[in-house]
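Data first, discussion second: the structure below is written as structure tokens.
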Amino acid sequence: WGPPGVEERPAAARFGSWRGPVAAGPAAQPQPTGPRGIGALTFLGALIAGAIGTGVTWGERTLGAGLQTGLACALAVFGLGIAVSAFRGRTGVGSILLALITAGLLTASAALPANISTEWARTDWTPARAADVRPSYELGSGVGTLDLSKVSVADGKTLATHVEVGAGKVRIVLPADETARLHAEVGVGDIRLPGDPSRDVDVRPDQQQTVTLAPPGAKDGDKASGTIEVHVEVGLGQVEVDRAK
């Protein structure tokens, strides 16, 4: 009796298992959760602290000092996050790696020349005569051109000046008929003298050159004229020296 096909079903399905009801297993216990990760919050806090520290000092201090302030603030947040993780929460290897990278950038920013400013400027110094030439010219960051093409120095006299640029380019234009004695120092960059190819750029660290540039066409027997002595210092960039045409 029964519905069609019941004879083909297993006996256990037709009459039930002789073993009786199966006892229910123990209820699943909730797994204990570990300390909550705070690595993302630490990274976000370091970014905000670094941006605030750099922004506050950006327009008032040099580039190196501004970067050092921001990176020091970020490094302090990383250190605080790692210290808090010892008692509450946890940070991973990524936070420690970012802290080490920040410390390396802080060390590198401390090695920047102290006179690099945060504003890029273009400055032209064009003295009309020897009396107008200042003892020194300074520029934080940018392109500075000292045009001495109109300066005339009396025979046997020496006119000295000093040019200093933190980062950028210095262009010195010498008079066409005056002897020049040049001493150039570049922390990292290139020095290009009259006659050098315009595309010949040789960027190297700690470059120094001291040369005496006679007027074009001058011979050994010619009467000595006045001398212009120029001392140029560039922390990061290029020194270019040309003759007036």
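The values are calculated or read from the model by the stated rules, or taken from the named source; none is laboratory data. Being a predicted model, the structure only gives us computed values, none of them experimental. Reconstructed Cβ throughout: ideal geometry from the backbone, glycine too, with neighbour counts over all protein chains shown. All accessible areas refer to the heavy atoms of the entire protein, side chains included, with ligands and DNA or RNA removed. Shrake-Rupley method; radii C 1.70, N 1.55, O 1.52, S 1.80 Å.
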Checklist entry - By how many nm would the segment from HIS231 to ILE82 grow when fully extended, if each residue of separation counts as 0.36 nm and the alpha-carbon distance is taken off? => result 48.7 nm
Checklist entry - How large is ³J(HN,Hα) for each residue in the range 62-75, as worked out from phi by the Karplus curve 6.51 cos²θ - 1.76 cosθ + 1.60 (θ = phi - 60°), to whole Hz, x for Gly and Pro? => result 6, 4, x, 5, x, 5, 4, 5, x, 5, 5, 5, 5, 5
Item to check | Positive-end residue of ILE82, ALA167, PRO113, charge dipole of the range 63-197 with Cβ unit charges | outcome: ILE82
Item to check | Karplus 3J(HN,Hα) series, Hz, for the range 182-197 with 6.51 cos²θ - 1.76 cosθ + 1.60 (x for Gly, Pro) | outcome: 10, 10, 10, 10, 10, x, 9, x, 9, 10, 10, 9, x, x, 6, x
Next on the checklist: Once the convex hull of the alpha carbons of the range 87-164 is built, what does its volume come to per residue, in cubic angstrom?
Outcome noted: 138 Å³
Checklist entry - Say each of SER152 and ALA111 gets a label point 7 Å from the Cα, pointing the same way as Cα to Cβ; how far apart are those two points in nm? => result 5.0 nm
Checklist entry - Can you give the accessible area per residue of the range 30-187, in Å², using a 1.4 Å probe? => result 56 Å²
Checklist entry - Which FRET efficiency value, to the nearest 0.05, is calculated for TRP58 and VAL188 with the Förster distance at 35 angstrom and r the Cβ-Cβ distance? => result 0.95
Item to check | Mean Cβ neighbour count within 10 Å, used as a protection proxy, ranking 169-182, 129-142 highest first | outcome: 169-182, 129-142
Checklist entry - What percentage of the solvent-accessible surface of the range 78-230, computed with a 1.4 Å probe over protein heavy atoms, is contributed by carbon and sulfur atoms? => result 54 percent
Checklist outcome for this item: Taking placed amide H atoms and a strict 5 Å upper bound, the residues 5 or more places from THR118 or on another chain that come that close are LEU63
